[in-house]
Amino acid sequence: SLEYVPTLNNVASVHIRQQKLAEAEGELRRVIAVMEDKLGPFHRDLYGRLNNLAVVLRYLNRLADAEAILRRALDIATKAVGEEHDMVATTLVNLGDTLLAEKKFEDSVAAYERSAVITEKIYGSKHPNLAECYGGAAFPLMQLHQYARARALAEKALAIFADGNG
């Protein structure tokens, strides 16, 4: 029943903090199963749990699983709130990180850049989240030997951080 979801989720959070990642994965999967059963597979409330599960899977180095879960979270977020929303931008950064770890460099750049476009539309050109997108994209660009582009984005990221903390 859904009344247990907050408790299960809290248990998962404790496991994550204690580095008990396999237990955290189990709890999160139970939470998600209960929610799917009661709310359906595309309910907006699944979004946060799926993102948390993806983070746990990334820590466990199960990158393909993490990518699949994030793509599902992205699908749910897009259906729930449309393309141009912070939920979508956040998931794209997580996806960019995961794709980078999987050495899918082109796809990683694309995820960060799509996130940057959405983030700039929402928050403008000086927001720290935008620096995260630019800084994130610089890593796979270096792997692709696109050094000038990597440097330009890294400098944009640094300028945002410098501006925010000056």
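The values are calculated or read from the model by the stated rules, or taken from the named source; none is laboratory data. It should be emphasised that the depicted structure is a prediction, and the values quoted were computed from it without experimental measurement. We place every Cβ from the backbone using ideal geometry, glycine too, and count neighbours over all the protein chains shown. Surface areas here come from the heavy atoms of the whole protein model, side chains and all, with no ligands, DNA or RNA. Shrake-Rupley method; radii C 1.70, N 1.55, O 1.52, S 1.80 Å.
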message: If the requirement is being within 16 Å of the chain's Cα centre (by Cα) and of a type in the set (A, V, I, L, M, F, W, C), which of these qualifies: ALA80, ALA152, ALA131?
response: ALA131
message: Within segment 102-115, does at least one residue satisfy the condition of being at pLDDT below 95, open to solvent by 30 Å² or more (accessible area, probe 1.4 Å) and either within 16 Å of ALA157 (Cβ to Cβ) or small (Gly, Ala, Ser) (or both)?
response: no
query: If you scan segment 147-157, which residues turn out to be without any contact (Cβ under 8 Å) to a residue 24 or more places away in the chain and either open to solvent by 20 Å² or more (accessible area, probe 1.4 Å) or closer than 13 Å to LEU95 by Cα (or both)?
result: TYR147, ALA148, ARG149, ARG151, ALA152, LEU153, ALA154, GLU155
Residues of segment 69-94 that turn out to be within 9 Å of TYR47 (Cβ to Cβ) and touching a residue at least 40 places away in the same chain (Cβ under 8 Å), as a count: 2
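Does VAL93 satisfy the criteria of being in contact with a Lys or Arg (Cβ under 6 Å, 6 or more places away or on another chain) and on the phi < 0 side of the Ramachandran plot? Walk me through it before giving the result.
Details: in contact with a Lys or Arg (Cβ under 6 Å, 6 or more places away or on another chain): no; on the phi < 0 side of the Ramachandran plot: yes.
In short, no.
Any residue at all in segment 124-133 that's more than 18 Å from LEU158 (Cβ to Cβ) and open to solvent by less than 20 Å² (accessible area, probe 1.4 Å)? Spell out how you get there, then give the answer.
Our first condition is that a residue be more than 18 Å from LEU158 (Cβ to Cβ); within segment 124-133, this holds for none.
No, segment 124-133 contains no residue that is more than 18 Å from LEU158 (Cβ to Cβ) and open to solvent by less than 20 Å² (accessible area, probe 1.4 Å).
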